[in-house]
1. Quick check on this structure: which one of A:635, A:628, A:659 is at pLDDT below 90, surrounded by 15 or more Cβ atoms within 10 Å (Cβ to Cβ) and closer than 24 Å to residue A:583 by Cβ?
2. Scan segment A:123-147 for residues that are within 24 Å of residue A:102 (Cβ to Cβ), within 14 Å of another protein chain (Cβ to nearest Cβ) and touching a residue at least 40 places away in the same chain (Cβ under 8 Å) and jot them down.
3. I'd like the full set of residues that are modelled with pLDDT of 75 or more, in a strand (DSSP E or B) and not aromatic (Phe, Trp, Tyr), limited to segment B:192-218.
4. Return yes or no: is residue B:16 at pLDDT below 70 and of a type in the set (A, V, I, L, M)?
5. Can you go through A:471, A:412, A:496 and tell me which one is crowded, with 19+ Cβ neighbours inside 10 Å and of a type in the set (A, V, I, L, M, F, W, C)?
6. Select from segment A:71-96 the residues that are more than 14 Å from chain B (Cβ to nearest Cβ), touching a helix residue (DSSP H, G or I) at 6+ places or on another chain (Cβ under 8 Å) and outside any loop (DSSP other than H, G, I, E, B) and list them in ascending order.
7. Could you list, in sequence order, the residues of segment B:52-76 that are of a type in the set (A, V, I, L, M) and modelled with pLDDT of 80 or more?
8. Identify all residues within segment A:97-111 that are more than 9 Å from chain B (Cβ to nearest Cβ) and at pLDDT 90 or above; write none if there are none.
Amino acid sequence: MNWKRFIPWADRRGGKDAPASGLVAIVGNPNVGKSVLFNNLTGRYATVSNYPGTTVEISSGLAKFGDRTMTVADTPGMYSLLSITDEERVGRRMLLAEKPVAVIHVIDAKNMERMLQLTVPLIEMGLPVVVALNMMDEAKDIGLAVDVGALREALGVEVVPSVFTAKKGMKELRRAVLAGPKVRTGRPVPYPRDVEEALGRIEALLHGRYAVSKRGMALLLLEGDAEAREMAATAEGARFAELAAVLEELRPASGRSVAYRVTMERQRFAHEVSSRVLKRVEGPSRRVSETLGRALINPWVGVPVALAVLYVGLYKFVGQFGAGTLVDLFERKLFGAFVNPHVNDFLGRALPGGGWHYWARELFGGDYGVITLALTYAVAIVLPIVLCFFLFFSILEDSGYFPRLAMTTDRAFKSVGLSGRAVIPLVLGLGCGTMATLVTRVLETKREKIIVTMLLALAIPCSAQYGVIAALLTRRDVTWLGISAAFVVWLFVILAVFLVVGFTVNRILGGERPSFYMELPPLRMPRLDNVIIKTWSRMKWYFMEVLPLFALASLIIWIGRITRLFDAAIAVLQPAVHVMGLPAKSAEAFLYGFFRRDFGAAGLYTLDGRGLLDGVQVVVACVALTMFVPCIAQFLMMKKEQGLKMSLAVAGFSVVMAFAIGAGLNVLLRATHAHL
Amino acid sequence: MTHPLGEETEELLHHLLSHEGRHKAGDCCGTGERRGSNTARLIADGYAVLAPDGTVTLTPKGEEEATLIVRRHRLAERLLVDVLDLRGPEAHDQACRFEHILRPDVEERICTLLGHPRGCPHGAPIPPGRCCREAATELRKVVGVASALEADEAGTVAYIHTDDARKMNKLLATGILPGQPIRLLRKFPSYVFQVGNTQYAVDRDIADAIYVRLSERK
């Protein structure tokens with residue numbers, strides 16, 4: 001995941017010392033080590049993880065190759081040049097239009113045959129390709145040896161063996177890029193005669209300027225690629241009509257598509273090459289990770305493990321340890337007993353009077369000050385929780401567990417119109433809804449994207465919000481089977497909302513049924529340094545996003561109180577709060593919720609700390625706040641991905657739903673005399 | 001079943017079907033007088049009727065027979081390509097001869113052996129027979145749809161059959177391709193295949209599009 005894309009100030013480092021000369025593109029299948037290479041080259045941090053599809057946008061940075069500085073671009077994984085999902089399209093567009101000086105094709109050595117099928121079209125495009133034969137260590141582990149010289153000869157381009165996670169092969173790769181990879185002439189793969197003839201006819205009609213070879217363009221056109229067609233239409237202008245007529249004529253009336261036949265020829269080539277250069281030196285040894293990987297795809301093991309992971313990770317670690325123990329330490333002991341009294345004490349002595357003295361004191365201290373409210377919430381409540389969540393998430397992510405979770409949940413997800421793939425944005429949404437809304441790009445159909453965006457806004461609390469809510473709920477005394485009763489009720493209601501909304505939206509939206517398809521990477525032991533750096537980087541952007549917004553909220557409340565608009569807003573919210581059976585004071589928490597949901601939850605935490613809420617009220621307030629409007633950042637991301645109309649509809653819908661379900665739950669719990 | 005038709009008469013029926021059942025008398029199949037007599041034979045046997053303007057139209061009985069002929073031809077192609085590994089024009093020529101000797105019981109056995117394939121090697125659909133509808137999955141198959149494999153059964157991908165171009169591209173792009181060794185690791189909750197050194201999880205829809213030539217059973 002490249003978090004930096006939408007935190008403007010995070011992208012500015014990377015050195016402006018030398019102007020970049022040329023573009024180096026990193027391409028390859030998902031999960032082969034492209035982002036690790038990017039990090040190694042640029043010294044910048046693009047999140048690396050062990051699940052496919054983590055890079056959803058191109059991230060770029062400057063890198064030194066000898067004495068030259070060049071721009072390096074990390075592209076989302078692609079399986080072929082005939083792209084299917086939006087994320088694949090992004091990388092392809094760059095290759096077709098931007099004339100990179102080098103294209104590093106990263107290959108997983110142990111799956112060479114499959115990977116070479118992308119090398120071939122890259123070479124056919126006339127791109128300056130360097131093949132980075134990565135994961136040589138894993139190939140060796142399963143008993144494979146590679147004849148690199150023979151591979152180099154067969155492909156006609158430079159091949160560099162590497163283990164990027166251990167920084168092996170970096171020097172050789174830099175040297176190869178600096179030398180300027182040669183464009184291979186001639187045809188790596190000859191196609192059947194009729195295809196070659198068709199290609200010849202198309203090439204003869206390509207007169208315009210293209211960034212890639214005419215043969216490459218002709219292949220894409222013949223395979224029926226829509227984007228290539230648009231490019232040709234632009235480049236050819238009036239001459240395009242003739243080309244279009246020829247393409248129409250060449251389209252096979254029946255039988256196998258050209259794309260299929262072309263792929264089969266490439267496959268034959270890849271098979272032939274890889275069986276020549278790959279030698280099995282010893283039988284594969286079955287490792288512990290493989291046995292474990294096999295076990296996890298068994299639902300009898302997978303489902304209990306998933307529940308255990310969620311219980312230990314989210315309930316115990318994030319909920320009780322992070323939001324309970326750590327928050328208690330920071331909020332009550334550090335800020336409550338030490339920082340805030342001192343701040344108020346200092347302000348009281350420096351500005352003792354009424355009038356403007358009072359308002360100046362209130363800007364920083366008091367109940368709503370920048371320090372006593374914004375900074376306290378950000379540092380004492382949000383920070384420890386988010387730290388725990390991202391630590392938990394990074395470990396899971398690096399282990400390669402998520403694709404197995406996706407595989408386990410696919411069948412169940414189909415009933416709400418989603419595929420197992422959706423598990424990644426949804427679990428990530430438990431960290432940050434903004435991020436997750438961006439990551440809906442890994443989903444293939446428009447319909448899935450809408451459903452997930454909607455669920456993220458409505459039924460998935462972000463980590464800070466979840467943490468505070470979990471802390472509020474789990475500190476109540478009534479427990480069922482060792483789990484807080486209030487927590488169980490909250491979870492049940494939110495799950496019901498999740499299912500009902502998913503089911504209904506799925507029914508309303510027509511369109512393609514989602515299909516599920518995912519590579520299961522080998523389970524890997526997460527590397528401590530990677531987990532730490534990843535958690536740190538996520539924490540940093542989260543905090544940078546949260547703190548200014550919290551301070552702004554505090555400032556707006558301050559202005560609102562001076563102008564009495566604050567009281568007016570509270571007065572508007574009070575009837576809604578009243579309907580849910582909550583005390584008038586809790587309207588404040590909902591008002592904070594408009595800035596960020598975790599801010600609202602933190603407000604509730606303070607309220608509960610003062611003993612103003614009983615069990616039913618805590619549950620009702622938590623349910624309502626969970627579903628309440630998405631935060632400003634998430635709203636903007638929704639607008640970017642789904643358009644203004646959709647985001648306004650989702651936001652409006654969630655406010656109405658939050659209050660309606662809150663009110664209904666209150667009536668129900670009171671009527672049944674629930675003791676929570 | 002009525003008495004068997006001659007080869008050329010069958011060709012003519014096939015031809016009529018592929019021209020949506022209408023045909024100007026005497027455009028193909030056989031030469032000179034025999035062509036005329038083939039058409040006459042069809043009409044006499046109630047497979048076709050002759051309109052006043054000289055066009056020949058298939059009767060429902062004729063269509064049924066013609067569909068069977070198409071089915072036999074395409075099954076024969078599948079058999080020759082998948083099992084006997086014939087390639088190119090040879091497969092087609094052989095299939096042309098082969099189809100005529102296929103009688104219903106043999107046809108059903110071949111269909112079952114092949115795992116009730118849905119399309120010929122060129123991608124054209126194979127009309128389903130009675131056996132396909134009954135789909136006797138108990139029999140040992142040579143080629144079968146991947147979703148019907150048992151866990152730990154292995155083979156090579158024989159072909160991909162799907163009407164959905166996107167699904168086809170996805171499979172093509174990721175390397176689940178004809179000729180690739182494949183092993184089914186799990187059927188539930190999703191299908192997990194090992195292809196080469198990679199494991200893939202796919203849903204039923206996608207597993208239904210992959211046909212596997214079985215090689216061993218563990």
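1. Working: A:635 fails: closer than 24 Å to residue A:583 by Cβ; A:659 fails: at pLDDT below 90.
Only one candidate passes the filter, namely A:628.
2. Once the filter is applied, which keeps residues that are within 24 Å of residue A:102 (Cβ to Cβ), within 14 Å of another protein chain (Cβ to nearest Cβ) and touching a residue at least 40 places away in the same chain (Cβ under 8 Å), segment A:123-147 yields A:134, A:135, A:146.
3. So the first thing to find is which residues in segment B:192-218 are modelled with pLDDT of 75 or more, and the list is B:192-214.
Subset that is in a strand (DSSP E or B): B:192-195, B:198-202, B:210-214.
B:192, B:194, B:195, B:198, B:199, B:201, B:202, B:210, B:212, B:213, B:214 - these are the residues of segment B:192-218 that are modelled with pLDDT of 75 or more, in a strand (DSSP E or B) and not aromatic (Phe, Trp, Tyr).
4. Yes; evaluated as a whole, the condition is true for this residue.
5. The conditions single out A:471.
6. Passing the criteria: A:72, A:73, A:74, A:93, A:95, A:96.
7. Answer for segment B:52-76, where residues must be of a type in the set (A, V, I, L, M) and modelled with pLDDT of 80 or more: B:58, B:66, B:68, B:69, B:70, B:75, B:76.
8. Looking only at segment A:97-111, we keep the residues that are more than 9 Å from chain B (Cβ to nearest Cβ), and these are A:97-107, A:109.
Correct list: A:100, A:101, A:102, A:103, A:104, A:105, A:106, A:107, A:109.
The values are calculated or read from the model by the stated rules, or taken from the named source; none is laboratory data. As the structure is a prediction and not an experimental result, all values here were calculated from the model. In this analysis, Cβ positions are derived from the backbone assuming ideal geometry, glycine residues included, and neighbour counts consider all displayed protein chains.
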